[in-house]
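The values are calculated or read from the model by the stated rules, or taken from the named source; none is laboratory data. What you are looking at is a predicted structure, and each value in this text was computed from that prediction instead of being measured. No Cβ is skipped: glycine too gets one built from the backbone with ideal geometry, and neighbour counts run over all protein chains shown. For accessibility, only protein heavy atoms count, side chains too; no ligands or nucleic acids. Shrake-Rupley method; radii C 1.70, N 1.55, O 1.52, S 1.80 Å.
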Amino acid sequence: HEEPGDGRDGVLVPALDVGALGAAISGLAGDPQRRAELGTAAIATAQRYDREAIGARWDSLLSTI
C-alpha cells in the first residue's frame, strides 16, 4: 500500500506559511475533481488507522514474539 503524503491524500504546506496555505486552498477551491480525488484517498488512508486495523496488526505482531 502507498504511504500517505503530500499530493496523494492531502496537501502539505510549510508551517506558518500563510501564502502557501492560501495558494493550496485556492488551487483546490478551483479544482473539484482534485478535491474529490484527495478526499477519496484520505478516506482510504484513514481506514488503515482504524481501531480494528491497528488491533489486527498488533495481534499479528504479538503472535510472532
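Restricting to the stretch 34-53, give me the number of residues that are open to solvent by less than 90 Å² (accessible area, probe 1.4 Å), part of a helix (DSSP H, G or I) and within 19 Å of G5 (Cα to Cα).
The number of residues fulfilling the criteria is 10.
When you check T40 against the structure, is it modelled with pLDDT of 95 or more and of a type in the set (S, T, N, Q), yes or no?
yes
Among the residues of the stretch 15-33, is any free of Cβ contacts under 8 Å to residues at least 40 places away in the same chain, open to solvent by 90 Å² or more (accessible area, probe 1.4 Å) and of a type in the set (S, T, Y)? Let's see the steps before the verdict.
Step one: of the stretch 15-33, the residues free of Cβ contacts under 8 Å to residues at least 40 places away in the same chain are 15-33.
Now narrow it down to the ones that are open to solvent by 90 Å² or more (accessible area, probe 1.4 Å): 15-16, 18, 25, 33.
From the residues that got through so far, the ones that are of a type in the set (S, T, Y) too are none.
So far as the stretch 15-33 goes, no, none of its residues is free of Cβ contacts under 8 Å to residues at least 40 places away in the same chain, open to solvent by 90 Å² or more (accessible area, probe 1.4 Å) and of a type in the set (S, T, Y).
Given (1) open to solvent by 50 Å² or more (accessible area, probe 1.4 Å); (2) touching a helix residue (DSSP H, G or I) at 6+ places or on another chain (Cβ under 9 Å); (3) without any contact (Cβ under 8 Å) to a residue 40 or more places away in the chain, identify the lone condition not met by D59.
So D59 meets the others, but not (2).
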